[in-house]
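Derivation of every value follows stated rules applied to the coordinates shown; laboratory data play no part. On a predicted model such as this, the values are computed, not experimentally measured, just so you know. Note that each Cβ is placed from the backbone with ideal geometry, even for glycine, and that neighbours are counted across all protein chains shown.
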Amino acid sequence: MTDSKVALLIVDLQEDFCPPNGSLAVSGGREIVPIINGLLASPIFHVKVATKDWHPADHISFATNHPEPNNRPFESFAKIVNPHNPSESYETRLWPVHCVQDSSGANLIPELDIARVDKVIEKGQDKRVEMYSAFCSPFENPPFARSELPGYLKDNAVGKVYVVGLAMDYCVKATAEDAVKEGFTTFVVEDATKAVDPGEGWTRSKAEMESKGIRFVSAEDIKG
Ligand code: VGL
Ligand code: ZN
């Protein structure tokens, strides 16, 4: 029988991604919480998961961990090499220090109705690789740095996922794209996410996600 349960995936709703004090604050990041709390209260979700970006202090994505002149947050890029397959590599954007394990910036924001969340899953612990997706590192050969998420969804017979949270053009996008790869029917709730780049980044990311079969809905469309 095909898996038929429905999951809500709340991506990285953490202090460092939210105004006013987050080191990598996404504009409007806090405004989506009432909508997400509404979804958490909806009977249509069997499984509700919140993810946390959870980096060691020496993580490769922090601009400060790279030498001049390639150490400007938001502007510089670094090459990330697959530690298990050095012929595979790609360039990735560097960020301010954010979501360091056990720091206050890594906390889920307190407005989130955490009592309704079944499971919190951490990601991005391997200092050698960037990991926007809540499923695993982007390297497929071999796939590694897998989080608990794929196993948890499988154990709970999930077939369909709705992705919300931060940021639409980075971790929400990568998580939704991996969900499709893992065989889930995948939706993004458009009014329950915000982009780092709300202009061009939003438009391009939405088009790319739609081209991969991800559907965009509004919270109103899915209230049970
Ligand atoms: C994210 C940049 C760096 C995200 C995480 O959650 O979208 N963005 N780390
Ligand atoms: Zn990060």
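Please indicate, with yes or no, whether at least one residue in region 190-200 is assigned to a loop (DSSP other than H, G, I, E, B) and out of contact with any helix residue (DSSP H, G or I) (no Cβ under 7 Å at 6 or more places or on another chain). For region 190-200, residues assigned to a loop (DSSP other than H, G, I, E, B) and out of contact with any helix residue (DSSP H, G or I) (no Cβ under 7 Å at 6 or more places or on another chain): present.
Listed here are the residues, each with its yes/no results for (1) closer than 19 Å to Val6 by Cβ; (2) surrounded by fewer than 19 Cβ atoms within 10 Å (Cβ to Cβ); (3) within 16 Å of ligand 1 (Cβ to nearest atom); (4) not charged (D, E, K, R).
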position	(1), (2), (3), (4)
Gln125	no, yes, yes, yes
Leu166	no, no, yes, yes
Ala192	yes, no, yes, yes
Glu210	no, yes, no, no
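Within region 68-79, identify whether any single residue is surrounded by 13 or more Cβ atoms within 10 Å (Cβ to Cβ), of a type in the set (A, V, I, L, M, F, W, C) and farther than 22 Å from Lys119 by Cβ, and answer yes or no. Yes, because at least one residue in region 68-79 is surrounded by 13 or more Cβ atoms within 10 Å (Cβ to Cβ), of a type in the set (A, V, I, L, M, F, W, C) and farther than 22 Å from Lys119 by Cβ. For region 14-24, which positions are within 9 Å of ligand 1 (Cβ to nearest atom) and either closer than 18 Å to Ala192 by Cβ or not in a loop (DSSP other than H, G, I, E, B) (or both)? Gln14, Asp16, Phe17 - these are the residues of region 14-24 that are within 9 Å of ligand 1 (Cβ to nearest atom) and either closer than 18 Å to Ala192 by Cβ or not in a loop (DSSP other than H, G, I, E, B) (or both).
Taking the criterion of being within 15 Å of ligand 1 (Cβ to nearest atom) and of a type in the set (Gly, Ala, Ser), the residues of region 58-98 that qualify are Ser61, Ala63, Ser76, Ala78. If the condition is being within 16 Å of ligand 2 (Cβ to nearest atom) and without any contact (Cβ under 8 Å) to a residue 24 or more places away in the chain, then region 138-172 contributes only Ala145.
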